Amino acid sequence: MDTQTELDKIKQAILAADVTPELSVQALNLVMGDGNPNADIVFIGEAPGKNEDEQGLPFVGAAGKFLNEMLAAAGLDRSDVYITNIVKYRPPNNRDPLPEEKQAFWPYLARQLEIIDPKAIVTLGRHSMEFFLPDARISQIHGHAVRKKVKYHDGKEHEWLIVPLYHPAAALYNGGLRQTLIDDFLKVPEFIKGLK
Ligand code: URA
């Protein structure tokens, strides 16, 4: 079975299980991901916003435009990478996803990662960083590549290369943070060079 077909099965599983019914009832779309299902780099954001909910694609609003610009500056395109979120339905009024909503989607995100099997996982903001590096502080660890064994819900473990970055929406209108994020972002291709 090809990778995209396997990823489509996760979408069906989320719909069948009606994960987070209080979010799905208000959402227009289940936003699974975008990009290359065989990518070397997977970017993980927080949750869809209004534009993402309307279009059914992650990072297509202002934060997405900034993400696209940073990808281009790093010599990458959206079709070279895979972009997804922890929570796959828009939280009402763009509130932060609740811990139980993040937990509910974690097995499905873990399965996406298993299927895509990237060389590096780039977390955007602390909501997705927490799953991989629960004790880390984003202000200290941003822009560093960390090898980490992650335990899945079924007890299986996988070692990933995690690169925590600030969230593009947080950095967009904050001059200092914006430059920090751009500088960190440009290091990402270097981290995966030479990795099998
Ligand atoms: N912010 C996110 O975390 N994800 C999106 O898809 C859009 C904005």
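Just for the chain, what percent of DSSP beta bridges are antiparallel, to the closest 5? List each step's numbers first, then the result.
Values: 8 of 20 bridges.
Among the beta bridges of the chain, antiparallel pairing accounts for roughly 40 percent.
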Computed lengthening from residue 54 to residue 106, 0.36 nm per intervening residue step minus Cα-Cα distance: 16.4 nm
Under 29 Å from residue 151, Cα to Cα: lysines that are on another chain or at least 8 residues apart: 9, 11, 88, 102, 119, 187, 193, 196
Top of 40, 96, 184 by mean-square fluctuation, Gaussian network on the chain, Cα under 10 Å: 96
Simple spin-label estimate for residue 69 and residue 183 in nanometres, 7 Å along Cα-Cβ: 1.8
Computed lengthening from residue 79 to residue 119, 0.36 nm per intervening residue step minus Cα-Cα distance: 12.8 nm
Top of 133, 15, 113 by mean-square fluctuation, Gaussian network on the chain, Cα under 10 Å: 15
Distance (nanometres) between label positions extended 7 Å along Cα→Cβ at residue 158 and residue 8: 2.1
Anisotropy class of region 37-135 from Cα gyration tensor, a/c 1.5 cut: oblate
Residue 62 versus residue 94: modelled label distance in nm, points set 7 Å from Cα along the beta carbon direction: 0.6
Those trypsin sites (Lys or Arg not before Pro) in region 44-120 that DSSP places in a loop and that have at most 12 other beta carbons within 10 Å: 95
Gaussian network model of the chain, Cα within-10 Å springs - most flexible of 61, 75, 143: 75
Set of aspartates and glutamates with alpha-carbon distance to residue 50 below 16 Å, sequence-local pairs under 8 removed: 96
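Laboratory data are not the source of any read-out in this text; all were calculated from the coordinates shown. None of the values given here were measured: they were computed from a predicted structure. All Cβ positions, glycine included, derive from the backbone under ideal geometry; neighbour counts span all protein chains shown.
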